[in-house]
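The values are calculated or read from the model by the stated rules, or taken from the named source; none is laboratory data. Since this is a predicted model, take the numbers as computed values, not measurements. Cβ placement follows ideal geometry from the backbone for every residue including glycine, while neighbour counts extend to all protein chains displayed.
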Amino acid sequence: MKTADLAKLRKEMEKTLEPKRYEHTLSVAYTAANLAAVHGVDIEKALVAGMLHDCAKCLSYKKQMSLCAKNHIVLSETEAQEDSPLLHAKAGGALAKQEYGITDEDILNAIYYHTTGRPQMSPLEQVIYIADYIEPGRKRMKRTAAIEDQYIQNLAAARKLAYQDLNEALCRILQDTLTHLTQKGGKIDPMTRETYEYYRKL
């Protein structure tokens with residue numbers, strides 16, 4: 001994708017996403033580009049995947065489900081729930097292909113799996129998953145002071161690891177995500193747990 005096309009894509013995201021979501025999107029794209037540069041991953045692909053990773057986030061549940069159905073995307077029980085924070089990833093991959101003409105399978109997979117991860121992720125998939133978690137503007141729900149302090153420490157460690165070893169950073173983030181979901185009683189997608197077990201064994 002040419003620089004001009006990236007600029008067009010950025011304008012499209014600014015037009016279709018809510019302001020805070022757009023800011024997050026830019027931050028993920030640029031964080032992904034930095035990680036890609038460090039780890040020898042295609043920087044252009046990282047920018048495109050980062051720019052589009054949340055492209056379906058602001059669509060209604062009905063539209064997201066329709067995108068997945070039309071593109072024959074299989075959803076887990078957790079992803080298919082109406083209040084699922086995961087569904088937009090699969091819908092986003094479909095939208096990236098259908099609306100924005102993305103045909104590169106690695107870019108599409110990076111979008112598809114940026115919420116759950118999967119075993120044997122490509123370096124680009126890892127970069128997008130990690131960038132989504134560590135980008136500078138990333139915020140989390142309010143916590144008690146003790147939990148917030150622990151979160152800040154974990155995030156700092158994940159950011160440091162991200163520029164040293166993608167596998168280790170991914171494992172750390174997955175572990176923290178599972179711990180967080182367990183503590184708040186959130187639903188855990190089986191793929192996330194499977195991904196963690198895969199990278200933990202590495």
Those residues of the stretch 159-202 which are within 26 Å of residue 40 (Cα to Cα) and touching a His at 6+ places or on another chain (Cβ under 8 Å) amount to 166
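What about residue 96, is it crowded, with 24+ Cβ neighbours inside 10 Å, under 13 Å from the mean Cα position of the chain (by Cα) and at pLDDT 95 or above?
Details: crowded, with 24+ Cβ neighbours inside 10 Å: yes; under 13 Å from the mean Cα position of the chain (by Cα): no; at pLDDT 95 or above: yes.
Spelling it out, it is not the case that residue 96 is crowded, with 24+ Cβ neighbours inside 10 Å, under 13 Å from the mean Cα position of the chain (by Cα) and at pLDDT 95 or above.
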Say we look at the stretch 4-35 and pick out the residues that are among the β-branched types (Val, Ile, Thr) and within 14 Å of the chain's Cα centre (by Cα); which of these is farthest from residue 158 (Cα to Cα)? 25
When you check residue 33 against the structure, is it among the aliphatic types (A, V, I, L, M), within 10 Å of residue 127 (Cα to Cα) and either in contact (Cβ under 8 Å) with a residue 60 or more places away in the chain or touching a strand residue (DSSP E or B) at 6+ places or on another chain (Cβ under 8 Å) (or both), yes or no? no
I need a count of the residues in the stretch 59-94 that are touching a residue at least 40 places away in the same chain (Cβ under 8 Å) and either among the aliphatic types (A, V, I, L, M) or part of a helix (DSSP H, G or I) (or both). 4
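Hey, could you check the stretch 157-176 for residues that are in contact (Cβ under 8 Å) with a residue 60 or more places away in the chain and assigned to a helix (DSSP H, G or I) and say which is surrounded by the fewest Cβ atoms within 10 Å (Cβ to Cβ)?
Residues of the stretch 157-176 in contact (Cβ under 8 Å) with a residue 60 or more places away in the chain: 162-163, 166.
Checking the rest, the ones that are also assigned to a helix (DSSP H, G or I) come to 162, 166.
Numbers: 162: 25, 166: 22.
Ranking the candidates gives 166 first.
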Among (1) surrounded by fewer than 18 Cβ atoms within 10 Å (Cβ to Cβ); (2) among the hydrophobic types (A, V, I, L, M, F, W, C); (3) not in a helix (DSSP H, G or I), the one test that residue 56 misses: (1)
Of the residues that make up the stretch 32-50, is at least one part of a loop (DSSP other than H, G, I, E, B), farther than 15 Å from residue 110 by Cα and touching a helix residue (DSSP H, G or I) at 6+ places or on another chain (Cβ under 9 Å)? yes
